[in-house]
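Contents: one structure, followed by commentary.
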Ligand SMILES: Nc1nc2c(ncn2[C@@H]2O[C@H](COP(=O)(O)OP(=O)(O)OP(=O)(O)O)[C@@H](O)[C@H]2O)c(=O)[nH]1
Ligand SMILES: [Mg+2]
């Protein structure tokens, strides 16, 4: 029989929170816990008037939890809110179990799920930034636990000196990771430049985790991105080209999902990856319309986009999983509240045509008509104009191909050297 870590989940209800809010959030915490590979023993909601600076939930409650942990042989207690390093330490001492907060849990999941070198570096950076203020100099050195190179060295002196040493090693490692991530950034922007030689509009899929972004990408483009009914199935961005029914070529990018209280360390670390979103021409905000809290999830996504300083791009709201919205009146309500949205099922491929149309219409707004004379030795640009725009007329001249076409801004910029006329 395989051994699974068992945990108690703790949610806090202060006077500003509704019970249902806390319950839903704990529900999500349970999914996160299971995604991390642990089992939920029970969920506890603690009513609170004032947060206890030393024990968060108060010392009495901590002692109660300690008794349950002992009796049931549990390994960890997971808090739905973030704890200060001191609270974490005090709770650990009283409860004598692993004390995990939401941030730590999400960081652990990211660490388990990171596949590419880039993803791993970013997660490592986020984890170290989380750990740094939590180093105590007690017990096994944290630097050792997390395997920072060289920490196993001879500096085993007790107390402060050791703590200083660990801190320095971690800071060194953080700056090493930052350098590596910067290299990736440079590489990515190079890739982007290469793409700009054949500049297709980039459409980024964003949304809450588990909303169906990867399913949509797969079913649109035949990509084979890993899809799973767990949180954070995708960490690394994937880009695929796709030809819209009107023959216009575009690039779709799928990326990491967002979540309530996404640790800021992660947002910072994943900036390089999320550049793809920042650079997009259109954002498809994929929403799980069947989720009871879809509205809060939408707001979370909008807030994260703000934090990423993504603004200005048109956003198409894609209400997904309508196959799971059983009652016609709920669907009706959804449509009424979101008249600009498009309502699809990525899984059942329902209503994708309407999505294509919205994308084309949105792209068409930026199109302008122009005439170009493309020299014969730049013939690649001719096929590019056919791919990315609507060619209205083409004729051969002694010194090149004359093309009148509706083109978007990016295509226009690539061929503007050969501009002959504009309307
Ligand atoms: N019923 C139904 N299920 C869907 C639909 N779209 C996606 N799903 C399911 O929802 C789950 C999550 O899908 P993903 O495509 O992995 O979601 P994601 O947004 O990429 O999630 P992350 O990568 O974790 O951010 C999977 O079990 C999918 O099969 C849909 O239209 N209808
Ligand atoms: Mg995904």
Given Cα pairs under 8 Å that are at least 6 residues apart, what percent is the relative contact order of the chain?
-> 11
With the chain treated as a Gaussian network of Cα nodes joined by springs under 10 Å, which of 92, 164, 357 yields the largest mean-square fluctuation?
-> 164
Could you grab the relative contact order for segment 277-399? Cα pairs under 8 Å, six or more apart, rounded to a whole percent.
-> 20
Virtual spin-label span in nm between residue 4 and residue 376, 7 Å along Cα→Cβ = 7.0
Burial ordering of 402, 298, fewest other beta-carbon atoms within 10 Å first = 402, 298
Computed [θ] at 222 nm, helices only, for the chain once each DSSP H run of length n ≥ 4 contributes -39500 (n - 2.57) = -14000 deg cm²/dmol
In degrees from 0 to 90, rounded to the nearest 10, what is the angle of the helix 59-72 Cα long axis to the longest principal axis of the chain?
-> 90
Could you line up 264, 285 from fewest to most neighbouring Cβ atoms inside 10 Å?
-> 264, 285
Calculated FRET value between residue 134 and residue 241, using beta carbons and R₀ = 35 Å, to 0.05 = 0.20
Going by alpha carbons, how many degrees (0 to 90, nearest 10) lie between the helix axis of 19-35 and the longest principal axis of the chain?
-> 80
Springs between alpha-carbon atoms under 10 Å, Gaussian network over the chain: tell me which of 201, 398, 314 tops the mean-square fluctuations.
-> 398
If R0 = 60 Å, then residue 86 and residue 226, at their Cβ-Cβ distance, give a FRET efficiency to the nearest 0.05 of 0.95
For 243, 35, what ranking results if the residue with the fewest other Cβ atoms within 10 Å of its Cβ goes first?
-> 243, 35
When DSSP assigns beta bridges and you keep just the ones with both residues in the chain, what percent turn out antiparallel, to the nearest 5?
-> 40
Label-point separation (nm) for residue 15 and residue 307, each offset 7 Å from Cα along Cα-to-Cβ?
-> 2.8
In a GNM of the chain with a 10 Å cut-off on Cα contacts, which of 410, 179, 120 has the highest mean-square fluctuation?
-> 179
Which whole-number percent is the relative contact order of segment 200-364 (Cα, under 8 Å, 6+ apart)?
-> 25
Computed from the beta carbon distance with a Förster radius of 45 Å, FRET efficiency for residue 264 and residue 368 to the nearest 0.05 stands at 0.65
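Values in this text are rule-based calculations from the coordinates and carry no lab data. Everything numeric in this text was worked out from a predicted model, so none of it was measured. Positions of Cβ are backbone-derived with ideal geometry, glycine not excepted, and every protein chain shown enters the neighbour counts.
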